[in-house]
Structures are given as structure tokens and as C-alpha cells.
Amino acid sequence: MHVLKLKRFASNKNNNSIFPGKGLVNRKISVFFSFPAICLLLMALLVLVAVAAGCGRGVSHSEEAPVEPIVAGHDNGEDELLLGRFTVVNPEMAIYALAVSGSGKEILFSSDARAVSMLDDEGRLIWEAFFDGNPVDTAITSLGDYIAVGTDLGKLFFYSGEGRKVWESSIEGAISQIALSSGGEYLAAAAYDEEEDRDVLYFFSKWGQLLWEKETAPIDDLYLFPWGEIYVVEEREDKKYLMALSEEEIMWEEEVDRVSFSENGRYFAAYHEGGLHYYYIRGDSPELLWSYSMEQEADWLGITERGEHVIAYSTFAGGEDNLFFLDKEGELLWQKRIPGGALLQHSRGAEKIVASSWQEFSEDFSKVMVIDPEGDIVQEVEMASRIENIALSDAGGVLALAGSDGNIFILGISTPRMVRAAGEEVNGDNGAMYHSVAFDEEENEQFVTLYFYDERGMQLLPVNRRVNEPENLIQSAVEELVKGPRRLSGLSRTIPKDTSLEVAVEDNLVYLDLPLELNRLAGSAQASGMIDSLLLTVSDFPEVDGVSFLLDGEPAEVFGKEELPLERVFSPRHLAEGEPKIYLPYFSGARYYILPREAESVSGLTGRNDSAEDMVEVILEESRRFSALVPELRGVRITGNEIVLDWESGFEELFPGEEEGISPEQKALLELLVDAILLTLAENFAPDELVLEVEGRRWSPPDVELELQTKLQRPFYINPE
């Protein structure tokens, strides 16, 4: 999730052309006014008055010709870059903040019309909210399910992704900026109280509870992470300091000019006094790993999700290179010159670096360029608008642009190939994008279900791992959990490697003995991640009635720095028996997974009746968050022992002929969709077999390398390694 603040620039009112080469031509026109003409003129004036009265309210104008991008090297219109556009009534409206969700399906912006507007990735207005004060800053979670808004009247609002207000809170002073953790767990707001002449930082839970507040110097920037760690950049006597806060306490501080954090919060890059410095946060203090001397001042810094690369940019290029790309060892991989005054964003792994500048031309045109990890410009677009704000989705597939003329543009950026974070092509079984549901266990082997975080540490995902039949299967499962996820899985471990965890079982109660070093290590999110993954992994065994935790052999009351309560016996955690279940597609790294959920907890089913068609539609909607290949469904019907899925013709087009072969993405998506639908419907309805139709006729896929499971067998194992 990316949020940038926007400064308003004066617009060029003398050029009314929105297309290059079609400037305004001055013409003398003679008009003879008849009585009907005067009536028509009066009616037109009334319409203009009505429009002016509604000025500032966002309206989608599908009937107007969009401001088309001009693609370098192509005739205009050949590239389908422009996914959509949203135009406000008042082109002089200032945009305060622009943000996109991780998938790029939700685009959020706030304006001085005292409104916050949510768009889809085609520029259509989903909802908007209006406020008494100006919504000077907004933020959206990576999944697009929560939105935070701060106003200059000291009001803080928290919304669901559907636009429902969850809570609001009043604080002293005008809010200048807010920060929302990627999953919406915490919210921070910086405000200036003019009456008391003081700056205050407020820290809230996602439920609106004020956890603490702290008087500060003026705050230049905020960084907030899911486990509650917060970093602020304060300005004191013309100097800036990066501070790490634990509640109201300052853990450490470093003098900086510019700073950027990795999304996992473990690394940060800082520019100060002619040097680029790279840190690793170890425990309660930062460790300087390297420094790189820079002749130019870095006006913008970027760092990839896990700190693999650092990007530095100097806004004044002159004739020199001004964009620098370094690896985590401090080696300069490449440098190049790009336009000055550029706005920059990068995808989470820097597979795409986007730069947009309107200062390259004398007219109000903006050059938007996409740069790959090798420093090559792979796409270049000219926009007939002064772009003053940009926001890029996590994977870099959707780019939102805010123009000074009141247009929000949404561009689709193509991906020529899928690349791993380590630069490896996806191939071979170890790099398969999806592993189909398994039904068979090998002789002398069993599956154990392990729970690891996705690559961003937001969701615990189940994987099934084959193990040789041990004497103590529960102990073996815990040991496999500690070993961590497989290479290239796109998953993250929950417990430090080589941790020794003792397991004992007595009267169907499992005792898990945690070492003291884990207790000293664990912060709040780390602690909950460890405990939750252990509980979920152990709960997979039907003989377990409860789980109790020990700490170095003694009964544990609390765990971790945040003192997570552990004194009770935990009931097993699994999907409730007899309740509707849904198996959702999920994307982590470059891999697809299935995520089982209780149907009542899935927001997409709210207000529906949990019918077979409703459930399939939710699965398809979820899949569209990360793939444009998802087909349209005509309907679902249950007849006798079969569940019939009737698809539109686009489904058939996903299957190439035998000679063409099938791409890894098509193969993974098709297997994932069929698995998710089969498990969901067969678990909730009587039939165990799917039948495919296309446009009402029975249909079988061609003989290509696919593992489409259309009949459910039990037991089954999702996400087998």
C-alpha cells in the first residue's frame, strides 16, 4: 500500500486541449440570436448553475472522451494501458492523498471537496464519504478492507472497505498525517494543537481504542507495522531524527535527512550528510550494515519488501545520473538519468520502478516510465496532463495517477515475465505456482498440516507436508513447523529456525514447552504468530482436546514483550463442524494457495444466502484480486449426484490446444479454481462430483498437462508441498 501527499500546483488555464497536436484554435464566429436561441441559452445557463452547485462532488463521466495516454513507439490506442478514468466536476479541486490496495482493485483518494472517494480499477465510483473538515490524509490496508481518514478539524475515521463507518474519534488539534498498518491492526495520527502550541502523536487500535499519546516535535513522517512498532521522523532545530517508539518510550534515534523502510520493518535506508546508510534493526537498536557515498543529495529513497535492494533518487539531474540502484550488500548495480522533479514508486520487489514527471516538457505533459530491475526502460507513456500524484499496487500491475485537471487515471502495467525475488524464473516442480489438492498418502508416510505466514506476515496459510511415520506425530509436526516453509514457497516462518520445542501429551492435552529465548525475542505480532501457528498445527490432530503452554518447564502466564496471556488451556482451533465452509484462493509471492474459512466470516457472503452459486461467485471474486484470467460463471445447479458448473465461453478460451501448450499461470489458476470450487461445494452440499458446462453444453477440457480434480475423495490434503 502506497500513499503520497500532494502539493497543489497552478494549472495552465490558457490551454484547453487535452490531446497533443489539437491545441485551441482562435476563431471568429458570428452568432445571430433568435428568441428560441435565447431560450436555449438561458436553459444552458441554468444547467451550468446546477453543475456549479454540485462542484466538488466526484462524478464518473463515462460519456466523455478520456484523456488518452500517448504510448512511445506505438500508435495511440494500440496498447490497452488505460484501464479507466474518473473525472471530478471541479478541475481545480486539490487532491490530498492517493492510495491503492495491494491488488490494485481499490483506488482511494481524498480532496479539498471534503470528500474521500473509493474507485475500482476501471475508474468507477464505488462509494464516497463527506466530512466537515478537509480529509488531509487517508490510508488503505493492503487487502483494501479498511480505510482510515484524518481531517484538519481533528477528526479520525475508520471505515470498512465497503464504505461503512466502523468508528470515529476526536483528538485535539488539526491532523497533519496518519499511518495505518498494512493489515489495519493499528492506526497512528500526528496532530498540531494550535491552542496549546504542541504537536501530539496518537496511537489507536483498529477498534478505536486510544492506546497512548505522546507530545512530540513536529512530525515529518510516520511508519507503522502490523506488530505495533512505530517509527517517526521528527524535526528539531532544522534537523531531522528517526525515532523508534515503544508506546510513549523512545527506544533509539538516528539523525537523518531522508529515510525509507522495508515492508517487513526489519531494514531501513537513510540519507544523511552525503551518505546513503543501510541498517538492520536487531532487537532494540539499529545496526549499520554499510554506507555509500553520494555526490548528489538523495531527495527520495525506496527499499524493497525484504530489504534486497535500495533505490535513491536526486530530483535535480542536470546532465548527471540521478537514479541509483543498490543491492543489500551496498554494491551499486546501475545508475541512470531520468527526468527531474519525478514522483517515484516501486513494486514490493522492485520488479517495476515507476517515475512520473511533468517537468520534462514546457507544456503540461507528463512522462511516465517503467524501469525494470536491470535499469532498462520497458514502458514509456506521455500523459496530456500534469500528473501530481502516483500510487502503485504491490505487484506493480496497476498504477493510479492524479492529474491537475481533475482526472484520476488508472493504467495497467504489463508483466513480460514472472520473476522470483531472487531473480529465478518460475519453473520445475519446486517452483510450481500451485500444487493441486492431494488424496493419497505414500506407504509409511503421513501428512502433517503446518501453518506459515504468507510472504508479508499477514495471514497464516496451511500447507501439508509428508513425513515418515514417527513414534510421536505431534512432536514431528511441531519440529517440521520449526524447520520453516520450503524454498520458493512464497511463505514466511513463524518460529526462529533451530528453536527447541518440547512436546508432551497427557490425557489428550498437549503441553508445549517454549524456551526462554523465545520469550525474550518475541514482540507482540511475533508472539501471537508463534502461538497461533503452534495452536493451528497441533489442532489438526483429532485426539487433541486442549493445548497448554509452558515456559522453560514451568506453567506460562504471559509470553513475549507484550505479555500475551497464556495461563489458560486453549481449545483446538479448526473450522467448526457442521458449519458452512469456503475454500478461498490466495496469492503469496509467486504461488497460489487455498485458504479454508468459515463462510460466515467471509465478507463477500454478507447478505447472501450461502447458496452454491453465491459461494462460487465469492471464490471467483477473490481470484480476480490477483488474476485477470478468471472466467465468468453463468450458473450452478445441483442435480442428483452432480454439481454442474455452467461457464461462459471465456472459460473454454483458457484451455489451449494440445500443440500450443499451457502457460504456468493458466495451469495454476485453472487447477486452483477447480480445487477451491470442488472443496467448497462438496463440503457443503451432498454431491461430491463436478460437471463442467460451457454455454449450457457438457464440456471436457483438451488433453493438456492439467490436474483438474472433479471428484472429491476423503481424506484430502490442501496445499501439499
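Rule-based calculations on the coordinates, nothing more; no lab input. All values reported here derive from a predicted model rather than from experimental measurement. Here Cβ is always computed from backbone atoms with ideal geometry, including for glycine, and neighbour counts include all displayed protein chains.
Please give the contour-minus-distance gain from residue 250 to residue 378: 0.36 nm per residue of separation, less the Cα-Cα distance, rounded to one decimal in nm.
Values: separation 128, 0.36 × 128 = 46.08 nm, distance 4.39 nm.
Once the chain is fully extended between residue 250 and residue 378, it gains 41.7 nm.
Are any of the pairs 483/711; 581/667; 328/497; 155/239; 214/239 more than 31 Å apart by Cα-Cα distance, and if so, which? Pairs exceeding the cut-off: 483/711. Take 170-183, 687-700, 152-165 and order them by the average number of nearby Cβ atoms within 10 Å per residue, most first; the result is 170-183, 152-165, 687-700. Other residues lying with their Cβ under 9 Å from the Cβ of residue 191 contribute a combined charge of -3, Lys and Arg counting +1, Asp and Glu -1.
For residue 584, the amide hydrogen comes within under 5 Å of the amide hydrogens of 595, 597, counting only partners 5 or more places away or on other chains and with H modelled in the peptide plane. Note on region 431-565: with charges restricted to the Cβ of Lys and Arg (+1) and Asp and Glu (-1), its dipole about the Cα centre is near 920 debye.
Beyond 19 Å, what share of the Cα-Cα pairs of region 581-698 is found? Please give it as a whole percent.
Values: 3204 of 6903 pairs.
Result: 46 percent of Cα pairs exceed 19 Å.
FRET efficiency for the pair residue 282 and residue 698, taken as 1/(1 + (r/R0)^6) with r the Cβ-Cβ distance and R0 = 56 Å, rounds to 0.35.
Sites listed here are trypsin sites (Lys or Arg not before Pro) in region 321-370 whose DSSP assignment is loop and whose Cβ has at most 15 other Cβ atoms within 10 Å: 337. Our coupling estimate for region 379-384, obtained by passing each phi through the Karplus curve with A = 6.51, B = -1.76, C = 1.60 and θ = phi - 60°, is 8, 9, 9, 10, 10, 7 Hz, Gly and Pro reported as x. Simple point charges give the picture: +1 on the Cβ of Lys and Arg, -1 on the Cβ of Asp and Glu, and for region 581-698 a dipole about the Cα centre of about 360 debye.
Choose one of 678, 620, 595: the residue whose Cα lies farthest towards the positive end of the charge dipole of region 581-698 (beta-carbon charges +1 Lys, Arg; -1 Asp, Glu; about the Cα centre). Of the listed residues, the answer is 595. Net charge in the neighbourhood of residue 689 (other residues with Cβ under 15 Å of its Cβ; Lys, Arg +1, Asp, Glu -1) is -1.
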